[in-house]
Amino acid sequence: MQNGPRTYERYTVAVVCAIEFEMSAVRYMLDREHPSLPTKEGDSNIYVLGELSGHDVVLACLPGSQGKGAAATVATNMARTFPSIKWRFFVGIGGGVPSSGHDIRLGDVVVSMPEGQYGGVVQYDLGKETDEGFILKGFLTPPPPLLRGAVVKMRSDHLVSENKVEDFLSAMLERGRRLSVYRRPSSNLDVLFEAGYAHRPENATCEECDVQKRIARARREFEGPEIHYGLIASGDRVVRSTTKRGEILRTVGDVLCFEMEAAGLMTEFPCIVIRGISDYADSHKNDDWQRYAAATAAACTKELLTCVDPMVAPAVSAVSAPSTDAAANRDDKPVATFHGTGIQHSGSGNFSVGNDLNIGG
């Protein structure tokens, strides 16, 4: 976090989300929210600016459309507008892949990390069909070494102390009663079925599914979410079939989570992908855990940033945000000059904020 005028160059951490409720989970984890800066010509993104764990952060959300193409456009615009960005995160929900080696449960978090020949995220639908089966081609850019080192430190910290996900989430829930949609659902709603048992289409919920097909799992000593580290598989479609899930695992290997947009980001936006688990990538997928999973991913991002030293962006004489404070009119304040047709966002819109709102403390 830097003092002085707010400029585009001041922000060194970027967070991208695919869906509004994912973005809102990160937004209300901020320790402080900053007023918006003038929109730069040619940039269609809407940003939320603020401070998170001592870092100046810019947050953006895909504009109502999901997929790799939309994600790439948002990342490209963000890089042009905020040239000092060094650390990047793609935060949201995903479908978990529980196995004998990974006790993944709803609400847990998966953090992308290199595994074998892959850099943390693998695009499972990029390749070619051969007589021997589907062959993957190409590799996605891994996150920078410093971020990988921060993940290693956080993982080591959790060997002797619990993660802070529940603590950060509890603080967020105190911000307002409408944020109660991010509360943890009952553990009774976390049900894992055998891989070959499909959800019956006529059943609105899993309450009528065969209880004999449920997989019994031991109760955890720690009720809160666990954090897992490894491969995340990214593609153009939502995976909600155990058959498809199995095919991808046979091709890719030890995947912990599925999601849709990361593959479109990694070239322009080499980042750590953080996913809260909202379903098991099977036909029993539902929306019950989505908001809680988004909140656990946001809280994990906040904790991970405590393991990264804040960077000081280069000093520049750039545009600062307008201020209503009388002191802003003094002669020794920076003068802002604009060229082009940018739009000034202010007031209390959905994303633009006109007041210096203190969220944390």
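Here residue 32 passes the criteria (1) touching a Ser or Thr at 6+ places or on another chain (Cβ under 6 Å); (2) under 27 Å from residue 178 (Cα atoms); (3) not acidic (Asp, Glu) except the one numbered (1). Has the stretch 221-231 got at least one residue that is at pLDDT below 85, touching a strand residue (DSSP E or B) at 6+ places or on another chain (Cβ under 9 Å) and not small (Gly, Ala, Ser)? No, because not a single residue in the stretch 221-231 is at pLDDT below 85, touching a strand residue (DSSP E or B) at 6+ places or on another chain (Cβ under 9 Å) and not small (Gly, Ala, Ser).
This table checks each residue for (1) within 27 Å of residue 262 (Cα to Cα); (2) part of a helix (DSSP H, G or I); (3) at pLDDT 95 or above.
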{"position": "139", "(1), (2), (3)": "yes, no, no"}
{"position": "151", "(1), (2), (3)": "yes, yes, yes"}
{"position": "161", "(1), (2), (3)": "no, no, no"}
{"position": "168", "(1), (2), (3)": "yes, yes, yes"}
{"position": "179", "(1), (2), (3)": "yes, yes, yes"}
{"position": "184", "(1), (2), (3)": "yes, no, yes"}
{"position": "188", "(1), (2), (3)": "no, yes, no"}
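If you go through the stretch 78-100 and keep only what is farther than 24 Å from residue 257 by Cα and surrounded by 17 or more Cβ atoms within 10 Å (Cβ to Cβ), you end up with 78, 81, 82, 84, 85. For residue 54, the requirement of being of a type in the set (Gly, Ala, Ser), under 30 Å from residue 181 (Cα atoms), free of Cβ contacts under 8 Å to residues at least 12 places away in the same chain and out of contact with any strand residue (DSSP E or B) (no Cβ under 6 Å at 6 or more places or on another chain) is not met.
Taken over the stretch 263-286, the criterion of being closer than 15 Å to residue 16 by Cβ, over 13 Å from the mean Cα position of the chain (by Cα) and not in a loop (DSSP other than H, G, I, E, B) is satisfied by 263, 264.
Residues of the stretch 95-120 that are outside any loop (DSSP other than H, G, I, E, B) and in contact with a Leu (Cβ under 9 Å, 6 or more places away or on another chain): 96, 99, 102, 110, 111, 112, 115, 118. In the stretch 1-9, is there at least one residue being surrounded by fewer than 22 Cβ atoms within 10 Å (Cβ to Cβ) and free of Cβ contacts under 8 Å to residues at least 24 places away in the same chain? Yes, the stretch 1-9 has at least one match. Across the stretch 157-166, the number of residues qualifying as out of contact with any helix residue (DSSP H, G or I) (no Cβ under 7 Å at 6 or more places or on another chain) and touching a residue at least 24 places away in the same chain (Cβ under 8 Å) comes to 4.
Please work out if residue 42 is more than 18 Å from the chain's Cα centre (by Cα) and in contact (Cβ under 8 Å) with a residue 24 or more places away in the chain. Yes. Set side by side, the residues 47, 124 differ, and just one is at pLDDT 95 or above and either over 13 Å from the mean Cα position of the chain (by Cα) or closer than 29 Å to residue 155 by Cβ (or both), which is 47. Checked against (1) assigned to a helix (DSSP H, G or I); (2) at pLDDT 95 or above; (3) among the hydrophobic types (A, V, I, L, M, F, W, C), residue 75 passes all but condition (2).
The values are calculated or read from the model by the stated rules, or taken from the named source; none is laboratory data. Nothing here was measured: the structure is a model prediction, and the numbers come from that model. Counting neighbours? That spans all protein chains shown, and the Cβs are built from the backbone with ideal geometry, glycine included.
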